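Down below is the structure, laid out as structure tokens.
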Amino acid sequence: MVDVPRVPEQRRPASGNTPEGRTEGHPPEVPASRFSVLGPVRAWLGPDQLNTGSPQQRALLAALLLRDGRTATASELIDALWGEEPPSQALAAVRTYASRLRKVLPPGVLVSESGGYAVQVADGALDLAVAEDLWSAAEKARGAGDLCQARTLVNKALGLWDGEPLANVPGPYADTQRTRLDEWRLQLLETRLDMDLEQGCHAEAVSELTALTAAHPLRERLRELLMLALYRSGRQAEALAVYADTRRLLADELGVDPRPGLKELQQRILQADPGLAEPSTPAQEPATTVVRPAQLPATVPDFTGRASFVDELSDILSTAEGRVMAVSALAGIGGVGKTTLAVHVAHVARAHFPDGQLYVDLQGAGARVAEPETVLGAFLRALGTADSAIPDSLEERAALYRSVLDGRRVLVLLDNARDAAQVRPLLPGMEGCAALVTSRVRMVDLAGAHLVDLDVMSPEEALLLFTRIVGEERVTAEREAALDVVAACGFLPLAIRIAASRLAARRTWTVSTLAAKLADERRRLDELQAGDLAVKATFELGYGQLEPAQARAFRLLGLADGPDLSLAAAAAVLDLPLDETEDVLESLVDTSLVESAAPGRYRYHDLVRLYARACAERDEQPPGERDAAMSRLLDFYLASAARVYAIERPGDRTVDHLEPTEHAGQDFTDDTKALDWLHSEAACILACVQQSLGAGMLRRAVSLLLASKDLAESGASSLRYESVTCAARDAAAALGDSLAEGQARVALAQVLSKVGHFDRASEELARGVELGSVSKDPWTISNALNEQGIIAYCVNQQAASEAYLHKAVEAFRADANRAGEASALCNLSRVLAANGRTPQAIDLARQGMSIYDDLGYNFRLANARSALGIALSDAGQHTEALVELNEALRVFAEVRQRLWEGTTHFRIAQVHLSARRPAQAAQHAEQALSTGCVGGDWMRANALTLLGRSLDTIGQVDRARACWREALTIYEASRAPEAEEVRALLAPVAAA
């Protein structure tokens, strides 16, 4: 059983002040006078804090406030303030304190009754009473299964505490109440953390529980929650180590064994009990904020035919309840209507899946199919899972996905799948759930799937669909011509819809006009039996009816490789003003040849994109216009990214070393919009680079990589950035372009360094320096030297690091790159601090800060603050170091540099440990682990080592050793020199 917090003893009388007399969990409007006891004893009148006098006077006020309006006699108050040894004038003192308080407080608040005193407090006027009401409401919400609301209410209650309750209030009564209120707060924390684990927030809970177990080492419930949180985070060895630490501590301190619940949990962890992998009781969604995804695309209003398929599939889905999982896979050529049928059937059956419907386009017909782990991440978020609780690997995400779906009835529509391998991890696998899959291939290797082969429409169905789109009056008047049209379309639904939509939009055309156009075989391809050719024939029908401006836009916009295009990017491709671009794009949307993914964004179905490119190769004149269009798109992305870079890094000379552009980019009004643009366009930017690695555009493509380096540093797009940069390096080498190759190698090394691949990064930098010397490129040389200094520092080659960084400072100065100079100075500061040259390290960090400050930096100024914080900590100035590091942490969070956030948590943990605050150190080390750090696995091992040191200091020895063993495994895999240090930490274990 979970321990439930006991509400404090003193309660208000059952009159109008009861919790039932107000909205649960929502106190009434703030009264004129307010009081607090969950911290210093204070009183307010409106916004003004009142002077409540001496400590003894506050003790009297506290004693009265905690009686909830009941009268306290003089003798009771004397006992409360002084206990068994009151002063001789105690009664007079009580009267004096009461008199002074009466003068300060509003009239009628402090009253005299029957020789005693009472304080009359209005609803919501005492923080403790508000906390009690919030807890009462939380209990009811949890009992009703509304964990989200219950957590919110408990957090609000905990938020009312402002330090130690009854702080600095003397007297035995205050001591007793302080102990009681502290205990209640801990029980509230345990309950809230228990609810966190019930909702799958185990990763976030580890850091807080680590700090709490350090502060309250004998509290077994906290240890139990920590074990469970660690186990669910995949850290089984640490979870078992927590039990060993607890058992030893209880034996040493109290001479007792752990309670049975803790022993049972240890055994379940040893046995890898599957029941521990998910909450002990299903976490129900809140009654008013249930996360029930409804992602199905809209069904078409003119859905036609397919009655037998609708009935067949609907019957299967309606019987999903009670079966392990119902899977139906629809196969057919492109354009045959698989998605339309699947969406229609899903809408028909949605009543059988009250817990939601998930949908994804798996892009199986394109060159870049959707990755199952990416899709699972989106599904988990749609099902209410916090980003921080979503694991990294495909296997872990798939397991969590099935756990989240357990007990729910959800329909999953997997559209446009490449093959069964792509689909398998996305199947719900739970009783009551079902999946609909569409694909161009028959999924005979998808075990247990009900296979449906979808053919073209019958002539009757085809004519009915055509009629519903064009209008009955026009078709009835020319029935024979209409039959000719649908026959020319090969009875393929997509072709019929395109042709009918064009006719419906042109009131001056007759059906015969359209039929005559389609009768010309030169304007359409022969119908083939399968595959893309049949789809291509249907697209030819729509393309042939486009106006010249529409056709040009259709051809050119299809050349871009990105997942979609913004209106501004499309305008650059077409070399048209925004309003004209929007008009032509919206007209293409009307023909169904282009989709509007969101306001101002446009995309092609992947097969339509292939057809558009074929049209461009065949029809675009002059042929060089295709290259010119892609050159304009590259210019747009490069000019826009350069502006973002300049906004984020004012004064950085990198922008002066970028290739010039002939076409303008996007304008930005502030830093936030600039960063928003860069991150929202990440996939499109990197696709453009990948597509622009030919001789005419290579250097601009590499410049775009340099300008968009934030994508590599944020962590979100690092892998894609790395792969594209590798391709740019190889393309430059093949073309013999030493300038582009040198820049690409340095950019690649910067990415590799940040994920801890120091050997590969060093190889790239060595070659980059050679190429930079050949091309006489100051950017390549200065940045390579700076990065070589960073890597040498990380692998503990301090002398080499210092030499590289001195050269980097000089190289940046020679290039008049003050921002680069500041970066090298801050890096050099870290090296000197590590070597014990603290005064010089502080001076260099402040020099770097001064330069960044002069240039108006924000992001890089945070790096300088981090360097200064490290140096100050080494100088023993821990308070000043934390000021700098906490400000750096704030900035990194603001500019969405998550890896730098994690690194800064690591630095803060180092400072706390140096200042002999191991509990706080452990908490920040945990946050570094959960967030991730610059330096990849190497920094993870550093964080684990630091966490182990912190835990060892607070007596959690076994868990510390578990951390060290994991760190050692990482170090040994990369042959890192830090392995020796960790072996020494573990040596006592080996000796034992």
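The values are calculated or read from the model by the stated rules, or taken from the named source; none is laboratory data. Values in this document were obtained by computation on a predicted structure and should not be read as measured data. All Cβ positions, even for glycine, are placed from backbone atoms using ideal geometry, and neighbour counts span all protein chains on display. Each accessible area value is taken on the protein alone, full model and side chains, heavy atoms only, with ligands, DNA and RNA left out. Shrake-Rupley method; radii C 1.70, N 1.55, O 1.52, S 1.80 Å.
List of remarks:
- Taking helices (runs of 4 or more DSSP H) as the structural unit, those lying wholly within segment 862-935 and holding at least 2 residues that are in the same structural domain as Q840 (by the TED database) and of a type in the set (F, W, Y) correspond to 898-914.
- Taking the criterion of being at pLDDT below 85 and open to solvent by 40 Å² or more (accessible area, probe 1.4 Å), the residues of segment 284-297 that qualify are Q284, E285, A287, T288, T289, V290, V291.
- Pairs with Cβ under 9 Å, 6+ apart, first in segment 301-321 and farther than 28 Å from R468 by Cα and small (G, A, S), second surrounded by 19 or more Cβ atoms within 10 Å (Cβ to Cβ) and modelled with pLDDT under 85: A320/A326; A320/G432
One line per residue, one yes/no per condition, for (1) in contact (Cβ under 8 Å) with a residue 40 or more places away in the chain; (2) assigned to a loop (DSSP other than H, G, I, E, B); (3) crowded, with 22+ Cβ neighbours inside 10 Å:
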| site | (1), (2), (3) |
| --- | --- |
| S99 | no, no, no |
| R102 | no, no, no |
| V111 | no, no, no |
| A118 | yes, no, no |
| D123 | yes, yes, no |
| L128 | yes, no, yes |
| E132 | yes, no, no |
| S136 | yes, no, no |
| E139 | yes, no, no |
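- The single residue among L889, L899, L861, L885 that is open to solvent by less than 50 Å² (accessible area, probe 1.4 Å), in contact with a helix residue (DSSP H, G or I) (Cβ under 8 Å, 6 or more places away or on another chain) and farther than 19 Å from T931 by Cβ turns out to be L861.
- Y857 meets each of the listed conditions (1) within 29 Å of L675 (Cα to Cα); (2) assigned to a helix (DSSP H, G or I) apart from (2).
- Looking only at segment 629-659, and only at residues there that are of a type in the set (G, A, S) and in contact (Cβ under 8 Å) with a residue 12 or more places away in the chain, the one that is most open to solvent (accessible area, probe 1.4 Å): G651
- The number of residues in segment 937-992 being outside any helix (DSSP H, G or I) and crowded, with 23+ Cβ neighbours inside 10 Å comes to 2.
- Qualifying residues in segment 230-247 (those that are more than 22 Å from the chain's Cα centre (by Cα) and polar (S, T, N, Q)) - the one surrounded by the fewest Cβ atoms within 10 Å (Cβ to Cβ): Q236
- Residues that are basic (K, R) and over 24 Å from G159 (Cα atoms) do not occur anywhere in segment 33-55.
- The lone exception for A695 - which of (1) under 34 Å from the mean Cα position of the chain (by Cα); (2) surrounded by fewer than 18 Cβ atoms within 10 Å (Cβ to Cβ) it fails: (1)
- Among the residues of segment 353-387, those identified as open to solvent by 20 Å² or more (accessible area, probe 1.4 Å), free of Cβ contacts under 8 Å to residues at least 60 places away in the same chain and assigned to a helix (DSSP H, G or I) are E373, T374, A378, R381, D387.
- Filter result for E132 (of a type in the set (D, E) and at pLDDT 90 or above): yes
- Flag for T152 being out of contact with any Leu (no Cβ under 8 Å at 6 or more places or on another chain), open to solvent by 20 Å² or more (accessible area, probe 1.4 Å) and within 18 Å of A80 (Cβ to Cβ): no
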